[in-house]
Amino acid sequence: MAEDPEEMVSIVAADPDQPLSPDESPEMLPLLPVRNTVLFPGVVLPVTVTRKKSIRLVRKAYRGNKIVGVVAQKNGQSDDPTLQDLYQVGTMAKILKLLVLPDGNTTIIIQGQSRFRIEEETQSTPYLTARVSYSPEAFPNKQSKEVKALVSSLKEAAAKMLKLNPEIPQEAQVALDNIESPSFLTHFLSSNINVEVSIKQQLLEINDGVERGTQLLELMLKEIQLLEIKREIHTKVHTDIDQQQRDYFLRQQIKVLQDELGFDGPDQEVEKLRQRAKGKKWPEAVAKHFAKEVDKLTRINPQAAEYPVSLNYVEFLLDLPWAEYTKDNFNLKRTQKILDQDHYGMEKVKTRIIEYLAVLKLKQDLKAPILCLYGPPGVGKTSLGRSIAKALGRQYVRMSLGGVRDEAEIRGHRKTYVGAMPGRIISQIKKAGASNPVIVLDEIDKLASDFRGDPSSALLEVLDPEQNSTFTDNYLEVEYDLSRVLFIATANSLETIQPALRDRMEIIDLTGYTLEEKTQIAKKHLWPKMLHEHGLGPKDAGISTAALQRVIDDYTRESGVRSLERKLGAVARNVAKSKAMKEEFPATLEPKDVARILGGAIFDRDQYQDNETAGVVTGLAWTSVGGDILFVESLLSRGRGKLTLSGQLGDVMKESAVTALSYLRSRAEELDIDYRLFDQYDLHIHFPEGAVPKDGPSAGIAIFTSIASVFTQRKIRSHLAMTGEITLRGKVLPVGGIKEKILAAKRAGVRDIILCPKNKKDIDEISAEYLKDLTIHYADRVDDVLRVALLEEKVARPMKLEVRDEAPVPASPSVEVS
């Protein structure tokens, strides 16, 4: 609420030219800020006071000498103005009366006494007080012809305003006739003229009375002209009119007002467009096209439907930042620091960005690469684009492509269509205000297509560094250079991206975070963020590393950190509730506190199982939420050589099992296996957790080792896991996802891992701290796998495999999958 006068009726007071006594003009004045009005000497105004400071001031002043300093606010929106928010010249006023209204507000009636200037602030609480100096009225000889002519002109102008404005009560004329003092006349009229507060304040600050009166007369004459125009408009169109005539009347009013106020017509508007075009740094072809479109605009009737369409198009051409570029920040150490602060890990991406900046710094005109950050949800692909823009000092724009199925979203509509718009690429360039922003193409793998076109094909030109310098939007109709734009695409899957589009992008794989990385991210970023969002400070609650790892292991299963952030939010809410209800809670949360807040563990991490059972081998698998260990179980039973596979396997896993069994049969003699066992025993290979679909070329050697173990009844090396595919010739093939698999094995308690030698390059990229206490065995053939995996020692309770001498009933080879 503000101190606004509820009514603007001013009354004549004693002559303000008479100097006040020293007691009535104190050097120290309490300041009462008002907004939307300016108090002049001699004028009486009612003011409603609602601010606590102001209420305290007026009540104390009313009990004392009733003197306050009334000063107008520069900004009427400020509810607690300081000295800098007030004008320096105000009016000392005397409180004539104080009223407390039924709604609790306080209303005072004040009379201006003399003008003053604020010299310095002496106190700010409980209300503003300042040392002031007073400005006496400087009116020359009141009987001079100049003053008499000015007073006469002011009164005549005031009388004319009263006559033209029926809203002003006629009693005001009586008040004007009773005013004798030229000084008070200017104050009275200045207080009541309909102008802005800033203009009234300018009048108040003028010391010379003749100068103030002259400016006041000029303002009044302008007001009279406006009132005369209004009356003329009303006179011209006043009649009994229906709705249609009423609309015409309003348009005529607008037209007359625009003509009088100098609003631009169509010709002036076109001329302004031409002037704006002179400052554009666009190519010559674009300049010619613009001139042609402007000439076409001048030939269109402004009332025609085509006029606003053409006008919007020409204005859009002007709004685009042709050849306007932001300056790149080439401080590579600063860039590295920003990237490290915002994102933990992601060394490949950071190195790639630093390389790009280094080359750009040396070459200056490097075409921007098209980067595609590929990885599971929640690993920070989109936020990484924002960090890159911040590090480069470029504008950042995010463009979500998920579900976009209209080609016009990329290339724009042709202008001939109703409601035509430019494509989102050009629109984002306009929004950025520069031709070299960082544009994040979010979820590029989720582009769709239908009868309206294929947006992914439309992106081929946008994302080709050799072509996008001449990109043509259907709406724009002229070429636009996108070669300086740094496009960063994000995708969760590469399979759904069109091959031609994928070929134009540099794929950077973000495989997700390890347990250690998630722990650091949670400690440095997520937990402080959750505390802030839930009204807690850093000292309110800490969380131990063991508790964070408990949340990560038992309550989340993801590559990113979104679920982790939600779970930490639940923990923070519990702490906030305890604090709000003044309940006791630990200063540092431990794993037991996490279990109490979040309940029982949602996910159980598989742990290595002992090697006392033949046929049980630990494999390694990659999932969309990181690595995991995978058990392969084999079992023999009397039968006719049937192979049964279970565990919801895909085609690749089935083929791996058949290949492993065929190769084992070919090497039976070397492994001391009676060949007749294959025909007299059924083999069942099972992958636990049958509800989870499994497929992929990484379990071949694990299946082979499991079958070899069950047929020989030999133990598997303790704390061993393996991953790799096999061929029918017994060669071990490399697989992917090594980093995730290695970390999953380490979490499960594995100490030895078997890999293909070609996967050594993946091991070299893994930090040494993650390989601590792990021994990597490289096997080029399955014979090497068995030498590492199979022990000569039999299992504790070996199965007795008996071979019948009689010829078995021939059975056709069969594979049963359940």
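Placing unit charges on C-beta atoms (Lys and Arg positive, Asp and Glu negative, everything else neutral), compute the dipole magnitude of the chain about its Cα centre in debye, rounded to 20.
1180 debye
What does DSSP give for the chain in terms of the percent of beta bridges that are antiparallel, rounded to the nearest 5? Don't jump to the answer; show the numbers that get you there.
Details: 54 of 95 bridges.
If we restrict to bridges inside the chain, about 55 percent are antiparallel.
Once the convex hull of the alpha carbons of the range 616-794 is built, what does its volume come to per residue, in cubic angstrom?
Expressed per residue, the convex hull around the Cα atoms of the range 616-794 is 104 Å³.
Take L227 and L318, extend 7 Å from each Cα along the Cα→Cβ direction, and tell me the distance between the two endpoints in nm.
Simple spin-label model gives 3.9 nm for this pair.
How much length is gained on full extension from A434 to R386, taking 0.36 nm per residue of separation minus their Cα-Cα distance?
The span from A434 to R386 would gain 15.7 nm if fully extended.
Quick one: helix 700-712 against the long Cα principal axis of the chain, what's the angle to the nearest 10°, folded into 0 to 90?
The angle comes out near 30 degrees.
Report the Stokes-Einstein translational diffusion coefficient (µm² s⁻¹, integer) for the chain, Rh taken as the Kirkwood radius over Cα pairs, at 25 °C with viscosity 0.890 mPa s.
D, rounded to a whole number, is 69 µm²/s.
Which residues' amide hydrogens lie under 5 Å from the amide hydrogen of I754, considering only partners 5 or more residues apart or on another chain, with H built in the peptide plane?
The answer is A721, M722, T723, H777.
Based on DSSP, what percent of beta bridges with both residues in the range 22-135 are antiparallel, to the nearest 5?
Bridges in the range 22-135 are about 90 percent antiparallel.
Given the peptides 738-744, 587-593, arrange them by the average over their residues of other C-beta atoms within 10 Å, most packed first.
Highest to lowest by the protection proxy: 738-744, 587-593.
Sort all Cα-Cα distances of the range 337-397 into consecutive 5 angstrom bins from zero, then give the percent of pairs in each bin up to the one containing the longest distance.
Answer for the range 337-397: a P(r) of 3, 16, 28, 28, 17, 6, 2, 0 percent.
About its Cα centre, how strong a charge dipole does the range 332-509 have in debye, to the nearest 20, once Lys and Arg get +1 and Asp and Glu get -1 at the Cβ? Don't jump to the answer; show the numbers that get you there.
On the way: 26 positive and 24 negative charges, 179 e Å.
My answer is approximately 860 debye.
State the antiparallel share, in %, of DSSP beta bridges confined to the range 616-794, rounding to the nearest 5.
60 percent
Mind giving me the FRET efficiency for D674 and R729? R0 is 30 Å, r the Cβ-Cβ distance, nearest 0.05 is fine.
0.80
Over all distinct Cα pairs, what is the inverse of the mean 1/r for the range 644-718, reported as the Kirkwood hydrodynamic radius in Å? Spell out each step's value before the answer.
Numbers: mean 1/r = 0.0765 Å⁻¹.
Computed over the range 644-718, the radius equals 13.1 Å.
Looking at this model, which pairs from K390/K446; K518/K739; K281/K327 are more than 21 angstrom apart at the alpha-carbon?
Checking Cα-Cα distances, K390/K446 exceed 21 Å.
If you average 1/r over every pair of different alpha-carbon atoms in the range 62-126 and take one over that average, what Kirkwood value in Å do you get?
Roughly 13.5 Å, rounded to one decimal.
Give me the angle, in degrees from 0 to 90, between the Cα long axis of helix 266-278 and the longest principal axis of the Cα atoms of the chain, rounded to the nearest 10.
60 degrees
Under the Karplus relation 6.51 cos²θ - 1.76 cosθ + 1.60, θ = phi - 60°, what is the ordered set of whole-Hz ³J(HN,Hα) values for the range 762-767, x standing for Gly and Pro?
With coefficients 6.51, -1.76 and 1.60, one gets 6, 5, 5, 7, 8, 4 Hz.
Taking H as built 1.01 Å from N, whose amide H comes closer than 5 Å to the amide H of I110, not counting residues under 5 places away?
Excluding prolines and chain starts, which carry no amide H, the hits are L45, V47, L96.
For a quick protection proxy, order the peptides 61-73, 464-476 by their average other-Cβ count within 10 Å, most packed first.
Details: 61-73: 19.2, 464-476: 17.6.
Descending mean neighbour count gives 61-73, 464-476.
Need one word for the range 22-135: rounded, prolate or oblate. Basis is the Cα gyration tensor (sqrt eigenvalues a ≥ b ≥ c); a/c below 1.5 gives rounded, then a/b vs b/c decides.
Rounded.
Order the peptides 103-113, 325-335 from the highest to the lowest mean number of other Cβ atoms within 10 Å of their residues.
So the peptides 103-113, 325-335, ranked by packing, come out 103-113, 325-335.
Report, by chain and number, residues whose modeled amide H sits under 5 Å from the one on L128, excluding near sequence neighbours (fewer than 5 apart, same chain).
L31
Show that you can apply the helix-only estimate: for the chain, add -39,500 (n - 2.57) for every DSSP H stretch of four or more residues, divide by all residues, and state [θ] at 222 nm to the nearest 500.
That comes out to -12000 deg cm²/dmol.
Please say if the range 266-319 is rounded, prolate or oblate, where rounded means a/c under 1.5 for a ≥ b ≥ c the square roots of the C-alpha gyration tensor eigenvalues, and otherwise the choice is prolate for a/b larger than b/c and oblate otherwise?
On the way: a/c = 2.08, a/b = 1.75, b/c = 1.19.
It comes out prolate by the Cα gyration axes.
When the C-alpha atoms of the range 457-510 are aligned to their principal axes, what extent does each axis show, in angstrom, from largest down?
Here the Cα extents, ordered largest to smallest, are 36, 20, 16 Å.
For the range 703-742, rounded, prolate or oblate, judged on the Cα gyration tensor with a ≥ b ≥ c (square roots of eigenvalues), a/c < 1.5 rounded, else prolate if a/b > b/c?
On the way: a/c = 3.71, a/b = 1.32, b/c = 2.82.
It comes out oblate by the Cα gyration axes.
Charges on Cβ only, +1 for Lys and Arg, -1 for Asp and Glu, centred on the Cα centroid of the chain; of T186, L373, L494, which one is farthest towards the dipole's positive end?
The one lying farthest along the dipole's positive direction is L373.
Which residue, chosen from Q123, S637, T511, occupies the Cα position most advanced towards the positive end of the dipole of the chain, where the dipole is computed from +1 (Lys, Arg) and -1 (Asp, Glu) charges on Cβ about the Cα centre?
Result: Q123.
For the range 515-598, take the alpha-carbon Rg, divide it by the Kirkwood Rh, and send me Rg/Rh.
Checking Rg against Rh, the ratio lands at 0.93.
Given all pairs of different Cα atoms, what value in angstroms does the Kirkwood hydrodynamic radius of the range 145-234 take?
Details: mean 1/r = 0.0742 Å⁻¹.
Answer for the range 145-234: a Kirkwood hydrodynamic radius of 13.5 Å.
What angle do you read, to the nearest 10 degrees and between 0 and 90, between the alpha-carbon axis of helix 243-261 and the longest principal axis of the chain?
80 degrees
We did not get these values from a lab; they are worked out from the coordinates using the rules stated. It should be emphasised that the depicted structure is a prediction, and the values quoted were computed from it without experimental measurement. Because the Cβ atoms are built from the backbone with ideal geometry, glycine has one as well, and the counts that use them run over all protein chains shown.
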